[in-house]
């Protein structure tokens, strides 16, 4: 520890601290600054997308049309999905990677700091463009976040072109971020940190980054085809000109399915950091975790058509995609088993990050099981495009991806701010979120099985009670996120002083440096501590 | 730094290749449809060698005409149902009228259900092979000549051949219309 301190002090003399004023944030190449900006940006987008979700739930509180026009409702479902996927979840993970990956592997910064700055600063422009479509003539995109052609080409509002360019910019940002993370992890590890000693958060992000490089260009391709169909007279998706609308779904889901793993693999990494800390045991089955993550990533390329069971694919295709999808449950089951085995006979404590991690394991597993149900091709004909699907993907994304991000933020906040969280407020946030999320999304399973279609502003009377319950839960969940905002701000401004190793059982290079982490860390590569050798 | 450079070049190349792969999926998809008969896309067109027909069974072929949204033409089959032995050449026609006051060009897109049967339906001549240009108020009888392959699986006793008519007047250059005008 003492050698580390001296290097840090020597470091402080050589380099200057952060620049002053706005310039610090505009021109920064510091991974910690950029990580913070990513995280604040995604929190802002989380609240914007959340307001849209609450508008949807307010309209669905009762049957009939009360508050908003059906056209605007469609814009809300579309924008909510796009903003939450591309604006909240993905940038939050990139932000966590920016903050933590260099500190976890003992690198002074990301491999390509200038590109890092650029990949962040593209995002506010992309989302300003996307959100500006709400104020355009014809309204914002209204064709669902999956933007199926020809709804998104022939029948789209004029603002679709802005949507296409926004997607292009988000894609470029993600690809640059992914390149940066791969270069950092592969080239900048501290001496002695072999690949199989890499913290699991880095491993899952490395694999995620490869997924991003493989599929974000395909997304860029599909929106480019849309652009050409709309403006340049091609017929990729227009049957009248020899194209095929079903082709759109194939290309989209070739991106779309790996995309859902892009949104969950880093979550697996975060949970795999947190559970060992609070169970005070090493992660059970480290190598199997790595291989499970890699096999999930490989399998994710072979299952896309399970989103399209009802468009009419040959029986052999239905069977192949059904079994391939079910196969993914095996590596996912390995992961859940390993988390439970890590906790088994551990001396567990239940601080806020651990509570979120535990809720993740339980609720993500529920989402995984409903996913298995949806994977069964014959029954998918009943579930397709119902609220059951909505319940499924919200269970894996909200108490899955979002809870893991919150767990990660609470876990590493002491390292970022130098202050411990007010545990009482943290637990209040957890319990309100946990109860809210279940009240919101659990009833959706039932109304979905009963046949309520998704993306509609009005519904038959028999769905009224469960919809009212879901709406109450949504407002409870939404409002309790203000506590999260309060907690983060309170933790930035003050609180009990955090030690270098903020949590008793925490292992890893990031806990060897003081809290808050100095502006520059690991200017010279560190010696791995005993526990990591 | 050169280590970063090499890696970054490879990763950028990888993403550029994947962008191209997205577009390569378009022809790949057509090949895939051809192999599997996906989407009921018919691939067997042009003349076929006439051989003895299989009189042991008769296939019910249902003909359906669909208008794409916004297509104002009157469009329908002459015969709703045709019974054909496998190997038997059958001729029928679809009628189309352009009731509007302007010249229009249409394209009919065929589809066969069940998709499994698509590859066994040989179309010797079909109006869907070319674009149809109709002057204001003009009517046309569009011929269709087909043979059902004798290799059609036994369990398929009936199949549906459906045509969707698309208005492609805005897309086609005036060339087609001009050519049509010359002929008149």
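Read-outs throughout are calculated quantities, based only on the coordinates presented, and are distinct from any laboratory measurement. Just so we're clear, the structure is a prediction, and the values are computed from it rather than from any experiment. No Cβ is skipped: glycine too gets one built from the backbone with ideal geometry, and neighbour counts run over all protein chains shown.
Listed values, structure above:
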quantity: Ascending count of other beta-carbon atoms within 10 Å, so fewest first, for A:486, A:253; calculated: A:486, A:253
quantity: Residues A:530, A:423, A:259, sorted so that the one with the fewest Cβ neighbours within 10 Å comes first; calculated: A:530, A:423, A:259
quantity: Cα long-axis angle, helix A:160-187 against chain A (0 to 90 degrees, to the nearest 10); calculated: 30 degrees
quantity: Rg/Rg_ref, the range A:437-533, where Rg_ref = 2.2 N^0.38 Å and atoms are Cα; calculated: 1.87
quantity: Shape call, chain A: gyration tensor on alpha carbons, a/c limit 1.5; calculated: prolate
quantity: Set of the range B:117-138 residues, backbone N closer than 20 Å to the point 7 Å along the Cα-Cβ line of residue B:150; calculated: B:117-124
quantity: Residue mean of other protein chain beta carbons inside 10 Å, A:322-333; calculated: 0
quantity: For B:19-28, mean number of other protein chain Cβ atoms within 10 Å; calculated: 6
quantity: Residues in the range B:116-135 that a label on residue B:89 would reach, taking backbone N under 20 Å of a point 7 Å out along Cα→Cβ; calculated: B:120-130
quantity: Using alpha-carbon coordinates, inclination of helix A:286-299 to the longest axis of chain A, degrees; calculated: 30 degrees
quantity: Acute angle (nearest 10 degrees) that the helix A:31-59 long axis makes with the longest principal axis of chain A, alpha-carbon atoms; calculated: 30 degrees
quantity: Spin-label zone in the range A:252-273 - amide nitrogen under 17 Å from a point set 7 Å from the Cα of residue A:372 along the C-beta vector; calculated: none
quantity: Cα-based equivalent ellipsoid, the range A:109-230: semi-axes from gyration tensor eigenvalues, Å; calculated: 36, 15, 10
quantity: Whole-number Å³ per residue for the convex hull built on Cα positions in the range A:429-492; calculated: 81 Å³
quantity: Residue order, fewest to most beta carbons within 10 Å, for A:458, A:422; calculated: A:458, A:422
quantity: Inter-chain shielding of A:242-251 (mean C-beta neighbours from other protein chains, 10 Å cut-off); calculated: 4
quantity: Estimated [θ] at 222 nm from DSSP helical runs (n ≥ 4, -39500 (n - 2.57)) normalised by residues in chain A, nearest 500; calculated: -22000 deg cm²/dmol
